[in-house]
Amino acid sequence: MTTSPYFSLLRNHIDISHVPFSDRGSRLLVFQAPDKSRLLVKLAERLTEIQPDIEAYRHRPPFISDLCLLDEEWQALEFEVESHPHALVFRTRLGDFGLVFLGRHTLAFGLPPPVTAGLRLPVTPPFWERTEHGGMFKSIRNMIYASNGEAVRNEITPESGGYTIELVVKAGDDCAITLTVGNSPDLHGEVLPFSVSHAAAEKRWREWFDRVPPVAERYRDTYAYAWWMMANNLIRPRGNVCYEAMTPAKIHYVGLGLWDSAMHALAYRHADPELARNQLRAMLEHQLADGMLPDAIFDEGVVSTIDHPITAEVTKPPIIAWAALKLDETAPNLDFLREIYQPLVRWNAWWFSMNDDDVEGRAQYNQPDSSGLDDSPLWDFGMPVESPDLNTYLCVQMGSLAMIAEGLGMDAEGAMWRRRAAAIVRRMIEDFWDEEAGLFRAFHDDQPIPVVTPFNLYPLWTGQLPDAIRDRIVAHLTDTDEFWGEYAIPTVARNDPRFEPETLWRGPVWANVNYFFIEALKQAGEHVLARRLRDKTLDLVMAQPSIYEYYSADTGQPPPTAADTFGWTAAVFIDLAIQASREAQDETSGDHRS
């Protein structure tokens, strides 16, 4: 049996100074401290029962800080880190320490034999804060530690806000120290020989990579890292998270995002179709009574309303039906399509029943964040906004519902969806098309919004535009003063006065937007342009050692505010690399035959 090459490509690719070392399903995140001599352990949990602010986890101190490796005199050891997908190796003057995950809740440290060595770690199990009339203490998580070595020092010292643990042992062959963190009061500190834990972790990760389709050599390093992220960002079910599912980024966005989950399924479909299906199920599980799907899901809550910048219901663009069809291309499953069809019909109905104030067949955004383009200048003029991007998504969704219905033998219903998809294109042409500018306008209070973004070009994705309109849209897209160039596609036109190349949705390049335009160009018959944009997107991501949320439209570098190890960028890279590799292989085979 041939072993995947991707596992071995990741030696020292994972930089734990800013990328969390975690494991599939775990909520423990291991980092190297800024001074490089200590480790930190953070929790990928919002813990809103402790701090109600759902963003507080971003600023919460580590659960375990200043974790040091100790020598026989209880002094901290300096170390250098060697990283692998499954393990960390800490090189010290005493020999190599190791770290792997033993299950989701336990870190297993291996000690080099035969030495006396151990760990020192401050741990903060309680959360405390002063209040107006006093103060409060709440439990964060429980922890137990244990070793199969002979303890020569085992001290727990109360410190401000927590405790400092020192455990030093005589390390014989296969000695380990385990740290188990969880919310159960009945944690079990299983200690296996370190070689057993290490072998299990390696086997688990090798099996993950063995399911990965091959790609061309030029993509392999980034491709391997992207697949590591697709496992590393997974969390197991707990509370409102009903399926194993992927967070957008464990350290930056804890929980599940609606359109993130649809994008993540693009990658998982190539290696684990059932895992891909579960990304969609995890969101559909929380459909509201009126058909709306909430913006985000996390252990203790569901985000369906937010109060910034205005208070309103919040969802995300309707792309789940489209994602389900992409999944069905690689792993057909009529039972799954039957399972999700009616929930998606209800979601489509919600958009028109609750988001069409003038009842004219054009949906609107009532909350900026429902667009996914949180701070786009399209929202600077007020809400609600009738936007061509939303109505394009709905057209694509209804076209996808048509194909699902037909696949389920409901041809008449499929024909109805096709008529409705065509009707929304006609409405966009009648109401949004600006003949002078040669693009589709968004509107607020019946007034066109004077901003030029790629979202004004989105109806290209419908594949139903008249040739003259299609050609003008493509001309905008390929204009280097607007959207084309070395780094494409900026989220605001370069010659628009509101263009800011490094500010979230006001200019940077996002991989998901590029992916939608690659789809759009194919729909429009512009296959050469679609390949060029695909290659630009792959090159943009490969140029960096990690994978980021978005990239500067001027330099191609990730701005400081862009989240690292970002899920849908990894998923898009995987899918596009597979597409490009298979296309190149087909062309080579064709050349050979000729």
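Values quoted throughout were computed directly from the atomic coordinates according to the rules given, and no laboratory measurement underlies them. All of these numbers come straight from a predicted model, not from anything done at the bench. Note that we place each Cβ from the backbone using ideal geometry, even for glycine, and neighbour counts take in every protein chain shown.
In the structure shown, the pairs 326/536; 170/203; 36/250; 250/316; 170/250 are assessed against 24 Å; a Cα-Cα span above that value is assigned to 170/203; 170/250. Model label points for residue 152 and residue 304, set 7 angstrom from Cα along the Cα-to-Cβ axis, are 6.0 nm apart. Panel order for 433, 322, 205, by other beta carbons found within 10 Å of each beta carbon, from fewest to most: 433, 322, 205.
In this structure, residue 36 and residue 352 have a Cβ-Cβ separation that, at R0 = 51 Å, corresponds to a calculated FRET efficiency of about 0.35.
If the only charges are +1 at each Lys and Arg Cβ and -1 at each Asp and Glu Cβ, what is the size of the charge dipole of the range 77-231 around the Cα centre, to the nearest 20 debye?
280
Fewest neighbouring Cβ atoms within 10 Å first, the residues 502, 150, 202 line up as 150, 202, 502. Under the simplified labelling scheme, the residue 18-residue 133 pair shows an inter-label distance of 4.6 nm, with each label point 7 Å from Cα along Cα→Cβ.
If you take every residue apart from residue 80 with its C-beta less than 9 Å away from the C-beta of residue 80, what net charge results, scoring Lys and Arg +1 and Asp and Glu -1?
Values: positive: 36, 91; negative: 78, 82.
Result for the local shell: 0.
Each listed q (0.25 Å⁻¹) maps to a log10 I(q)/I(0) for the range 469-527 from the Debye sum over equal C-alpha point scatterers, namely -1.06.
Listed by chain and number, the aspartates and glutamates whose alpha-carbon sits under 20 Å from that of residue 138, ignoring those within fewer than 8 places in the same chain, are 45, 49, 53, 55, 129, 159, 186, 299, 300. Site pair residue 311 and residue 58 shows an inter-label distance of 2.2 nm when each label is modelled 7 Å from Cα along Cα→Cβ. Among 147, 83, a tally of other beta-carbon atoms within 10 Å of each Cβ gives an order, fewest to most, of 83, 147.
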